[in-house]
Amino acid sequence: TTPDSTTRVEDLYPSRVKQQPEFLERHDPVVYGDAQNGPLNAEQLEQFDRDGFLLLPGFYTNQQVSQCHQELDRLRDSEQIRQRPEAIVEPDGSALRSLFAVHRPEISTRFSQVAADKRILEMVMQVLGSEVYIHQSRVNLKPGFAGKEFFWHSDFETWHVEDGLPRMRTVSCSLLLDDNHEFNAPLMLLPGSHRQYVTSVGQAPENHYQSSLKQQKYGVPDPESLTQLVQEYGISQATGPAGSLLLFDCNTMHGSNGNITPYPRSNLFFVYNSIWNQLANPFCNQKPRPEFIASREFSNTMKPREFI
Ligand code: 6CS
Ligand code: FE
């Protein structure tokens, strides 16, 4: 049996309601499982628990990466794909910034296989201590010269307020499809920041996602709170060769700069949610975002498959 999504859910993480930002305690565990029940060893689980992320360099072979890259090139160059609602272009309207729902076979067979990769799923299920389904997936392209920044944010804040994600029991997986250097705008994370929840100020307009996925202005922390967080935790960069895999907690503060180098920096991104943490109604008075951004197909429990 799976939980009933129609029951009313308490808002443990209210945000965008007060005039002033606040730091709230995390009420949820970070790691729900243990070292006996999956591929991650005790040290890796401890690291994830402490930092809110874990980088696994060289997780995929060069051959696997190049297959994924070919698939990315196909999607990027397809006019049909560009016309889909799942395709988000950069703020100036030129390059493709993100493509959502890439785990769906009708968009990409290859990426649907990556999403179900046993080696990934077993780690995620270990961390979350349960079966999982895909809450969101996307590829972020960050093309050379043209890829704009992603301002600092906690994904959980948006998923909670705009999608009704009740608790922190959600893990993101980012597969690096290009070498991420310190200079081509890699993801920056604040290690340890996942233990605190920073509330945002200001209600987003209707259909916020239409602008926020290009450039986010609501649901981001204020400069003072961010300064405090950075002073407390410092900044880490998720750099590594193509094929590296980054696992990160849904509440880890992160962001990235614009890419003014010639080197593209594309990453494949899957978000796995525990089946015990199904979406409720959004915790703002707005209609839910579309299915391709926040899936409500809770019964699509992921079945681990061998990735070849
Ligand atoms: O709005 C969202 O759901 C997304 N936005 C950002 C900037 N990161 C996470 C998530 O994909
Ligand atoms: Fe994010």
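Rule-based calculations on the coordinates, nothing more; no lab input. Here the structure is a predicted model, which means the values were calculated and not measured. Neighbour counts are summed over all protein chains in view; Cβ atoms, including those assigned to glycine, are modelled from backbone coordinates with ideal geometry.
Report the convex hull volume per residue for segment 2-82, counting only C-alpha atoms, in Å³. Could you put the intermediate results ahead of the total?
Details: hull volume 21.7 nm³, N = 81.
Taking only Cα atoms, segment 2-82 has a hull volume of 268 Å³ per residue.
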Work out the charge dipole of the chain with +1 on the Cβ of Lys and Arg and -1 on the Cβ of Asp and Glu about the Cα centre, then indicate which of 247, 271, 207 is farthest towards its positive end. 207
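Rounded to the nearest 0.05, what FRET efficiency do residue 36 and residue 149 have when you use their Cβ-Cβ distance and R0 = 41 Å? Intermediate results must be reported in sequence, preceding the final value.
Working: r = 41 Å, r/R0 = 1.00.
The computed FRET efficiency comes out at 0.50.
Give me the Å³ per residue figure for the convex hull around the C-alpha atoms of segment 30-77. The partial results should precede the final answer.
Numbers: hull volume 5.7 nm³, N = 48.
Roughly 119 Å³ of hull volume per residue.
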Here, residue 261 and residue 291, labelled 7 Å along Cα→Cβ, have an inter-label distance in nm of 4.0 nm
For the chain, modelled as a GNM with alpha-carbon contacts under 10 angstrom, which of 230, 102, 271 fluctuates the most? 230
Go ahead and run the numbers for FRET between residue 78 and residue 47, Cβ-Cβ distance against an R0 of 45 Å, rounding to 0.05. 0.70
What residue among 42, 101, 185 has the largest mean-square fluctuation in a Gaussian network model of the chain, using Cα springs under 10 Å? 42
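First obtain the Kirkwood hydrodynamic radius of segment 102-159 from its Cα pairs, then insert it into the Stokes-Einstein equation at 10 °C and 1.306 mPa s, and state the resulting D in µm² per second as a whole number. Can you show the working numbers first?
Numbers: Rh = 13.8 Å.
Taking Rh from Cα pairs, D becomes 115 µm²/s.
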Dimensions (Å) - segment 229-278, Cα atoms, principal axes, largest first: 43, 30, 17
What relative contact order, as a whole-number percentage, does the chain give when Cα pairs under 8 Å and 6 or more residues apart are counted? 34 percent
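Remind me, relative contact order of segment 52-201 in percent, using alpha carbon pairs under 8 angstrom and six or more residues apart?
Details: 99 pairs, mean separation 33.1, N = 150.
So the answer I get is 22 percent.
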Listed highest first by mean packing, meaning other Cβ atoms within 10 Å per residue, what order do 130-142, 233-245 come in? 130-142, 233-245
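In square nanometres, what is the average projected area of the Cα convex hull of segment 13-146?
Details: hull surface 46.3 nm².
Mean shadow area of the hull around the Cα atoms is 11.6 nm².
What's the Cα-based Rg to Rh of the chain, Rh via Kirkwood? Kindly include the intermediate steps, with their values, before the conclusion.
On the way: Rg = 18.0 Å, Rh = 19.5 Å.
A ratio of 0.93.
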Please list 73-86, 46-59, 164-177 highest first by mean number of surrounding beta-carbon atoms within 10 Å per residue. 164-177, 46-59, 73-86
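Give me the Å³ per residue figure for the convex hull around the C-alpha atoms of segment 193-249. Before the final figure, lay out the partial values.
Values: hull volume 7.4 nm³, N = 57.
Cα convex hull per residue, to the nearest whole number: 130 Å³.
Quick one: dipole size for segment 191-287, taken about the Cα centre, charges +1 on Lys/Arg Cβ and -1 on Asp/Glu Cβ, in debye to the nearest 20. Each step should come with its number before you reach the end.
Details: 5 positive and 5 negative charges, 55 e Å.
Roughly 260 debye, rounded to the nearest 20.
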